[in-house]
Amino acid sequence: MGISTLTAARILDGQNQGKLGEEGYLSFEEFPYSAQVKTYNVDAQTPDSAGTMTAMMSGVKTDVGVIGVAEAIVRGDCSSVSGNELVSALELAEIAGKSTGVISTARITHATPAATYAKSADRNWEDISDMPADAVTGGCADIASQLISFESDLESRYAGLDVDGIEVVMGGGRRHFLPKDAAFNSADAASTVEGDRTDGRDLTAEWKAQYPAGDYVIDQAGFDAIDADTTKRIFGLFNESHMQYEADRKNDILGEPSLSEMTSKAIDVLDNNDDGFFLMVEAGRIDHGHHAGSAHGALTDAIAFADAVQAAVNSTNSEETLIIVTADHSHVFTMAGYPKRGNPILGKVVAVGKTEPSLASDGMPYTTLGYTNGKGFRDLGAETNADEGYDGDAVTGRVDLTAVDTTTAGFHQEALVPRGSETHAGEDVGIHAIGPGAHLVSGTNEQSVIFHVMDHAADLVGLAEAALE
């Protein structure tokens, strides 16, 4: 969610409402404080989400591809985890007696949500089937199992500590919690065998046994039935893998809640704790839309994220709640070409004073939005699942778009460098804040500073240390 994504999403949101588009704001762009964040990892100029989110959650920058551990880790080496574990803001909130929650439209074991609760030498160790044998025998736990054992794991690190675990977990990734056995398929399983786990463990059953008063839900109906005033705990796994793109959500087998709905309900549950709460909300499919080369997919999810931020604003008091909005990293997503004011952001460039698309030096029209690399051009018409763009080879060279409707959901922008998927970019990203401590969001910052802003606002370290005395 780099700056070009924010700008294009802002315009698309306005144009969806029948306006020119450029004059509007996404919800969080109206927050009183904003700044820039440097996203590099310790070992990488252009980062990945594991290292970036670990920095935000712990205040310590680390390497590409590792979760919740310091830079001395060797990626993929289980033995290097011990002694390099970092403490996350969510863990500090738990120790301090606050309620905690994690929400993502990606798999809940994916890099960004995992960095709030797990310690792993490899972000890809989402379940035991993803781990090499030496990591399993070496005693490392997969990310999904760490989510289920979070409470006991945290208590084992500190003598005398008694926490109550994460109250709200919602996202995708059900396959990592179920055995590789069709007998354990959920009602909305998309695959013949939904689960991936090769150890026979049904982690959803383990969670229900651990928290018998909690609500485990898999679809819209189950979500709607949750009473936030009386529910103590939610575990929602709404899809086998990632949740649907916002544009494709209506096609889910049994339906799944929007990011705004999940955010509102999470806060309604978490704010029952007078000591406060910590909640992380990720619109993970913005990233996936860009990787697939689909501006429509990415921007539609960015708008849904802005709606979720507004839902958080509506559910909280800015005098007592700090809300920070930022991104793990950017993408090689461009907006250019001298289009006139109000030109459809997903359309072809039409210059000021003109009615027909501008032509490049090769005599063909071109779009305002594009990608530096990726799969490139796709014309899939009304297709709303951006991942369909991965089918087929990367398209090299220019394509004549004269007869192509580039504003459809299934159009994927041209890319300069052919690749199997589009990549992250390395420039700074924006950060927006409102509430106590928000004034500290200014200037250009290391990504790890975000943790310290949260800590300053909520005194997470101080309260946790007091609880451990």
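Bear in mind these aren't lab numbers, they're just calculated from the coordinates by the rules spelled out. None of these values were measured; they are calculated from a predicted model. In this analysis, Cβ positions are derived from the backbone assuming ideal geometry, glycine residues included, and neighbour counts consider all displayed protein chains.
Assorted remarks:
- Taking the criterion of being part of a helix (DSSP H, G or I) and surrounded by fewer than 18 Cβ atoms within 10 Å (Cβ to Cβ), the residues of segment 438-456 that qualify are His439, His452, His456.
- Of the candidates Val60, Val37, the single residue that is buried (at least 21 other Cβ atoms within 10 Å of the Cβ), of a type in the set (A, V, I, L, M) and either under 30 Å from Asp162 (Cα atoms) or under 19 Å from the mean Cα position of the chain (by Cα) (or both) is Val37.
- One residue alone among Ala93, Ala187 is surrounded by fewer than 18 Cβ atoms within 10 Å (Cβ to Cβ), touching a Leu at 6+ places or on another chain (Cβ under 9 Å) and within 30 Å of Gln220 (Cα to Cα), and that residue is Ala187.
- Residue under evaluation Asp405, criteria (1) touching a Pro at 6+ places or on another chain (Cβ under 9 Å); (2) assigned to a loop (DSSP other than H, G, I, E, B), criterion not met: (1)
- The listed residue being among the small types (Gly, Ala, Ser) and in contact with a helix residue (DSSP H, G or I) (Cβ under 6 Å, 6 or more places away or on another chain), out of Ala228, Ala327, Ala266: Ala228
- Residue within segment 91-105 that is hydrophobic (A, V, I, L, M, F, W, C) and within 20 Å of the chain's Cα centre (by Cα) present: yes
- Filtered residues of segment 246-290 (kept if among the β-branched types (Val, Ile, Thr) and either under 22 Å from His331 (Cα atoms) or touching a strand residue (DSSP E or B) at 6+ places or on another chain (Cβ under 8 Å) (or both)): Thr263, Ile267, Val269, Val281, Ile286
- Residues located in segment 312-334, provided they are part of a loop (DSSP other than H, G, I, E, B) and over 15 Å from Gly370 (Cβ atoms): Ser315, Thr316, Asn317, Ser318, Glu319, Glu320, Thr321, Leu322, Thr326, Ala327, Asp328, His329
- Failed item in (1) out of contact with any strand residue (DSSP E or B) (no Cβ under 7 Å at 6 or more places or on another chain); (2) in contact (Cβ under 8 Å) with a residue 40 or more places away in the chain; (3) not aromatic (Phe, Trp, Tyr), with Glu465 passing the rest: (2)
- Looking across Gly363, Gly337, one residue alone is assigned to a loop (DSSP other than H, G, I, E, B), surrounded by fewer than 16 Cβ atoms within 10 Å (Cβ to Cβ) and of a type outside the set (Phe, Trp, Tyr). It is Gly363.
- Residue in segment 320-337 that is small (Gly, Ala, Ser), over 23 Å from Ala382 (Cβ atoms) and under 14 Å from the mean Cα position of the chain (by Cα) present: yes
- In segment 152-194, of all residues being in contact with a helix residue (DSSP H, G or I) (Cβ under 6 Å, 6 or more places away or on another chain) and free of Cβ contacts under 8 Å to residues at least 40 places away in the same chain, the one that is farthest from Ala228 (Cα to Cα) corresponds to Val193.
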